[in-house]
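To start, the structure itself, in structure tokens.
The values are calculated or read from the model by the stated rules, or taken from the named source; none is laboratory data. It should be emphasised that the depicted structure is a prediction, and the values quoted were computed from it without experimental measurement. When we count neighbours, we look across all protein chains shown, and the Cβ atoms used for this are built from the backbone with ideal geometry, even at glycine. Just the protein is used for accessible areas: all its heavy atoms, side chains included, with ligands, DNA and RNA removed. Shrake-Rupley method; radii C 1.70, N 1.55, O 1.52, S 1.80 Å.
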Amino acid sequence: MTAHAALFDLDGVIVDTAVHHFAAWRETAAELGFTLADRDEELLKGVGRMDALRIVLEIGGVEVDDATAERLAAEKNARYVEAIASITPADMLPGARDCLEALRAQGVRTALGSASRNAPMILDGLGIRDLFDAVIDGSVVTEAKPHPRVFLAGAEALGVAPADCVVFEDAIAGVRAAKAGGMLAVGIGDPAVLTEADAVIPGLHAVDALASHGITFAGAPAPATEEISA
């Protein structure tokens, strides 16, 4: 396949903020009287804030009313935002900037598709917002992965058919979202976990290895569209 657009998840693909997310959720769990195990982190990857809270509550067997749920989610987000406030370009995962710059030099359109409503702030901290033609985050699309809407919105913003897009994802929910949207899914991480991906690489530093899977990139002829962000 020769793709004309690349769509990227944020956490775990471009920058590792997942550790801060999970630490914040662990504090929420502790407040509610239970503990999140290390294995629970995978369940929280790639999903929106309220869906993540629902998963945390299910793990703990806890029920709360809507007002309490909103409070817990807001408090978790405040802890997370504080943790990532000092993020810098040095926090990018290996190869991420090089991959984005190389694709754009080829004329390949790029979009971010993230459940995080903090995505624009993180991109600004990393200094890479200008490397994306479109930014679709949790404030633009409300349906959480594995619903494909965030990636379909990205393809639409880029003016590229879903079948011509490759999605880079580190989460099972994100891989499923890409596949549901009719896109090729490249997993970032462990092949034993991301079994539904079309190909798996350890990180964007290894993007050249995709050629061995028959995945290449070429610029699309139509002009890029205006950035969409929160």
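To keep it simple, each residue is scored yes or no on (1) among the polar types (S, T, N, Q); (2) open to solvent by less than 20 Å² (accessible area, probe 1.4 Å); (3) within 30 Å of ALA211 (Cα to Cα); (4) free of Cβ contacts under 8 Å to residues at least 12 places away in the same chain.
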{"position": "PHE8", "(1), (2), (3), (4)": "no, yes, yes, no"}
{"position": "ASP11", "(1), (2), (3), (4)": "no, no, yes, no"}
{"position": "HIS21", "(1), (2), (3), (4)": "no, no, no, no"}
{"position": "PHE34", "(1), (2), (3), (4)": "no, no, no, no"}
{"position": "ILE55", "(1), (2), (3), (4)": "no, no, no, no"}
{"position": "ASP66", "(1), (2), (3), (4)": "no, no, no, yes"}
{"position": "ALA69", "(1), (2), (3), (4)": "no, yes, no, no"}
Inset, instruction - Specify which of the listed residues (GLY95, GLY60) is open to solvent by 10 Å² or more (accessible area, probe 1.4 Å), farther than 28 Å from ASP133 by Cβ and modelled with pLDDT of 95 or more. - result: GLY60
Legend entry - Close pairs (7 angstrom Cβ cut-off, 6 or more residues apart or separate chains): of a type in the set (D, E, K, R) in segment 114-134, part of a loop (DSSP other than H, G, I, E, B) and open to solvent by less than 10 Å² (accessible area, probe 1.4 Å) anywhere: ARG117/ASP137
Inset, instruction - Considering each residue of segment 181-213, count those that are in a loop (DSSP other than H, G, I, E, B), in contact (Cβ under 8 Å) with a residue 40 or more places away in the chain and crowded, with 22+ Cβ neighbours inside 10 Å, and give that number. - result: 1
Legend entry - Candidates ALA144, ALA173, ALA153, ALA178 - the one that is among the small types (Gly, Ala, Ser), within 15 Å of the chain's Cα centre (by Cα) and assigned to a loop (DSSP other than H, G, I, E, B): ALA144
Inset, instruction - Considering each of ARG54, ARG49 in turn, give the residue that is in contact with a Lys or Arg (Cβ under 8 Å, 6 or more places away or on another chain), within 21 Å of ASP137 (Cβ to Cβ) and of a type in the set (Lys, Arg). - result: ARG49
Inset, instruction - Just give me the residues in segment 108-136 being modelled with pLDDT under 95, touching a Lys or Arg at 6+ places or on another chain (Cβ under 8 Å) and open to solvent by 20 Å² or more (accessible area, probe 1.4 Å), in sequence order. - result: ALA115, ARG117
Inset, instruction - Could you please give the count of residues in segment 81-98 that are in contact (Cβ under 8 Å) with a residue 40 or more places away in the chain, touching a Leu at 6+ places or on another chain (Cβ under 9 Å) and either among the aromatic types (Phe, Trp, Tyr) or more than 15 Å from THR110 (Cβ to Cβ) (or both)? - result: 4
